[in-house]
Amino acid sequence: MSKAANTRPPQIAHLSITLDGVTPKVSRIVAVPLGICLDTLHLVIQAAMGWSNTHLWLFRARGCSWGAPDPDFGFADGPSDASRTTLIDMIADIGTNRFEYVYDFGDHWSHTIKIVKPMPAAPGVAYPLLIDAVGRCPLEDSGGPPGYMDLIEALRDPSHPRHSTLDWPGPGFDPTATDSTKLEKDVADLAKLMTPRRRRPAKAKPKARRTSDDGHF
């Protein structure tokens with residue numbers, strides 16, 4: 001292998017993440033290494049979206065699925081181990097640049113993910129990296145897209161039967177507000193954990209001092 005091949009920067013991809021079934025639109029664009037394991041990609045999506053990572057999840061594409069083991073049954077009759085599959089391996093297996101991420105099997109928050117643009121990593125940039133964020137992440141345990149949309153409608157419409165009885169999330173809730181600063185920080189914190197630390201060169205041991213024959217120890 002040539003020296004030039006060894007010095008090539010690692011490959012990354014821009015991922016477009018869109019939450020299905022909700023309005024206003026909720027979407028993110030993140031840059032991640034193509035060699036990222038799917039269990040780590042799950043954490044990136046959680047941080048970029050603003051979820052709390054308190055429910056089950058999986059990736060799906062073309063009849064295949066990847067996720068975490070069942071606490072009681074492991075991977076028997078379940079998804080493949082996400083910790084043993086990288087993004088680039090999944091793409092090679094399914095032969096498509098589009099797949100699904102499902103969070104919370106009760107509320108069933110489905111995200112459509114598209115690989116927008118593979119490219120070399122930029123020198124000195126830590127990945128993953130949040131590039132763009134649109135819309136506020138829905139409230140956890142709000143009933144999935146149908147329940148969340150009904151909640152938004154009840155907050156907006158004074159004539160809605162539930163409008164006068166709602167005490168959560170409050171009248172000031174804005175589904176279009178995006179706390180980009182927090183989302184960027186949360187994704188950046190993951191990048192710090194994923195970046196291998198450089199080992200400091202070992203300090204040279206001090207030379208032993210020679211003593212004269214009549215010295216005392």
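No value in this document is a laboratory result; all are computed from the given coordinates. Just so it is clear, the structure is predicted and the values come from calculations on it, not from any experiment. No Cβ is skipped: glycine too gets one built from the backbone with ideal geometry, and neighbour counts run over all protein chains shown.
Maximal additional length on extending the L56-K114 stretch stands at 18.7 nm, based on 0.36 nm per residue less the C-alpha distance. Computed from backbone phi, the HN-Hα couplings of the range 43-54 come to 5, 5, 5, 4, 5, 5, 6, x, 6, 9, 6, 10 Hz, rounded to whole numbers (Karplus: 6.51 cos²θ - 1.76 cosθ + 1.60, θ = phi - 60°; Gly and Pro given as x).
In terms of packing, defined here as the mean over residues of other Cβ atoms within 10 angstrom, the peptides 48-56, 23-31 line up highest first as 23-31, 48-56. The H on the amide N of L34, modeled in the peptide plane, is under 5 Å from the matching H of Q11, I12, A13, each at least 5 residues off or on a different chain.
For the range 1-156, the Cβ-based charge dipole about the Cα centre amounts to some 980 debye (Lys, Arg positive; Asp, Glu negative; other atoms uncharged).
By the scheme Lys and Arg +1, Asp and Glu -1, what is the net charge of all other residues having a beta-carbon under 11 Å from that of S110? Once all neighbours under 11 Å are counted, the net charge is -3. Figure legend: label point modelled 7 angstrom from the Cα of M194 along Cα→Cβ; residues of the range 114-149 with amide N under 13 Å from it are 121-122, 125-131. Extending 7 Å from the Cα toward the beta-carbon at both A177 and A92 defines two label points whose distance is 4.6 nm.
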